[in-house]
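Written below as structure tokens is the structure these notes are about.
Please treat every number below as a calculation from the coordinates, not as lab data. Fair warning: this is a prediction, and the values are worked out from it, not measured in the lab. Backbone-built Cβ (ideal geometry, glycine too); neighbour counts: all protein chains shown.
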Amino acid sequence: MSVSVETSPGFANPSGDISVPARQQHLAQRTLAARPSEVRKVFRAAQRPGMISFANGAPYLGALPFDRIAADAQRILLDSGERSFQYGSSDGIPELRAHISELMKLEGITAGPDRVIVTSGSQQALDIAARVLVNPGDVIFAEAPSYAGGMAVFTSYEADIVHVPMDADGLIPAELERLIREVRAAGKTARGLYTIPNFQNPGGVNLSAERRLQVGELCRSNDLLIFEDNPYGLLGFDGETMPAIQPDFEDITLYFGSFSKMIAPGLRVGWVLPPVSLYGHLLNASETSQLNPSVYSQQLISAYLDDPAWEDKLAEYRAIYREKFTALVETLAKVMPAGTTWNRPTGGFYLWVEAPAGIDTEALVYDCIERGVVYVPGTAFYTNGSGHSELRMSFCLPSLDDIRKGAAILGEVFSAALAGAATSD
């Protein structure tokens with residue numbers, strides 16, 4: 001069996017249509033190779049007034065203590081406004097890096113604050129890492145399916161994505177081993193593995209503890225880097241946290257964290273913990289990319305974490321998300337056509353749904369939008385054309401009423417499509 005290595009298709013104009021621009025000679029080759037984000041196209045539809053969105057991978061912010069945050073903001077500006085609005089350290093302010101170091105201990109990571117590089121969201125951290133470490137034509141292994149934004153970063157630096165099958169315990173090590181062999185037999189350079197081991201986006205699964213060790217050993221023995229993306233690790237419904245991959249494989253692992261899911265995405269604060277050997281290279285690249293992350297945003301996050309009540313607030317959010325998840329799956333069980341299946345995540349933001357044969361989720365997304373409901377079709381999470389019978393539903397942002405109403409509409413649209421397919425046969 002030969003390995004299938006996928007590359008991005010042609011240039012996408014701002015409207016999202018694939019076309020040939022009039023002044024192509026002005027564009028870099030990597031821009032010509034880029035393609036529009038299916039998630040972002042659907043996300044734009046989700047902004048329509050009254051739309052029930054299962055598309056946004058966004059947290060519910062209604063339970064945040066805005067009165068306390070406002071008081072922190074006023075105090076910060078009155079006490080250190082000049083510092084807040086000034087350039088800062090390229091690696092982040094010391095007080096926030098200290099908080100991040102303590103936060104990572106919850107997942108078994110013992111790196112000190114001097115190892116942390118703060119960025120403007122973990123997406124920027126991933127982009128910086130790819131710019132430093134990935135050459136055109138390199139192969140990046142990623143779960144099947146995988147986070148669209150992560151794959152977009154790697155393909156923007158002209159890497160090829162090879163998807164590794166998953167099951168209920170996450171990425172399958174034997175499949176990764178097989179694909180490494182096939183990639184090398186095809187004369188390709190296997191550069192690294194991009195993985196979201198906790199409540200994976202979009203699949204919702206956890207990589208088991210046993211497989212974390214197996215995957216790490218495979219990567220080490222094959223000289224692969226591990227890009228460990230972990231925005232959801234503290235969002236398990238039961239509050240339990242799995243150990244990260246990084247502590248056992250810190251020499252090859254770049255660990256990416258974010259405050260977007262557990263506090264607020266609008267502040268745009270994330271970080272990367274690279275191996276010691278790569279720290280200076282990533283810091284240099286970060287400086288050229290952003291000079292420094294927003295001092296003010298870092299101060300707000302740091303002040304929020306100064307109060308131990310942040311842990312109680314996180315527990316409250318876990319309970320909210322558990323209730324919303326339960327409402328979604330209970331409604332789907334009543335309204336979706338026979339043969340529809342979904343996983344049972346124990347945390348995070350996402351439910352991964354597989355529709356029965358005869359349903360194309362990419363085609364039906366527009367029918368659902370017309371009915372006032374939007375989701376992300378599965379094709380957005382692969383680079384090899386897969387996913388037409390799958391979809392991702394994010395349950396964290398909509399209200400309970402909207403979850404039930406939106407799921408009912410989804411069931412009506414899918415059932416009608418399935419009935420229509422049966423009639424045409």
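What the table shows:
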item	result
Share antiparallel - DSSP beta bridges, the chain, percent rounded to 5	50 percent
3J(HN,Hα) from dihedral phi, the stretch 322-335, Karplus parametrisation 6.51/-1.76/1.60, rounded to Hz, x for glycine, proline	4, 5, 5, 4, 4, 4, 5, 5, 5, 6, 4, 4, 8, 10
Efficiency of FRET between A209 and H26 - r from beta-carbon atoms, R0 35 angstrom, step 0.05	0.10
Length added when fully stretched, E240-R181, from 0.36 nm per residue minus Cα-Cα	17.7 nm
Mean separation of Cα contacts under 8 Å, 6 or more apart, over the residue count of the stretch 249-353: relative contact order %	16 percent
Rg followed by Dmax, in Å, when the stretch 222-327 is reduced to its Cα trace	16.1, 47
Alpha-carbon centroids, the stretch 374-421 and the stretch 202-280: separation in whole Å	28 Å
Once the Cα gyration tensor of the stretch 277-385 is diagonalised, semi-axes √(5λ) in Å	38, 24, 14
Karplus 3J(HN,Hα) series, Hz, for the stretch 138-147 with 6.51 cos²θ - 1.76 cosθ + 1.60 (x for Gly, Pro)	5, 9, 10, 7, 8, 4, 10, x, 9, 4
Protection proxy ranking, peptides 310-318, 223-231, 359-367, average beta carbon neighbours within 10 Å, highest first	223-231, 359-367, 310-318
Placed amide H near G121: partners under 5 Å, 5+ positions off or other chain	V269, G270
At R0 = 25 Å, FRET efficiency that the Cβ-Cβ distance of R68 and L291 yields, to 0.05	0.25
Shape box of the chain [Cα atoms, principal axes, largest first, Å]	69, 55, 52
Computed lengthening from A319 to N284, 0.36 nm per intervening residue step minus Cα-Cα distance	8.5 nm
For peptides 232-239, 66-73, sequence by mean Cβ density within 10 Å, most packed first	232-239, 66-73
Per-residue ³J(HN,Hα) for the stretch 379-389, Karplus 6.51 cos²θ - 1.76 cosθ + 1.60, θ = phi - 60°, Hz, x for Gly and Pro	4, 5, 10, 9, 10, 10, x, 6, x, 5, 9
Rel. contact order, % - alpha carbon contacts under 8 angstrom, at least six apart, the chain	22 percent
Overall dimensions of the stretch 56-137 as given by Cα atoms, namely Rg and Dmax in Å	16.4, 51
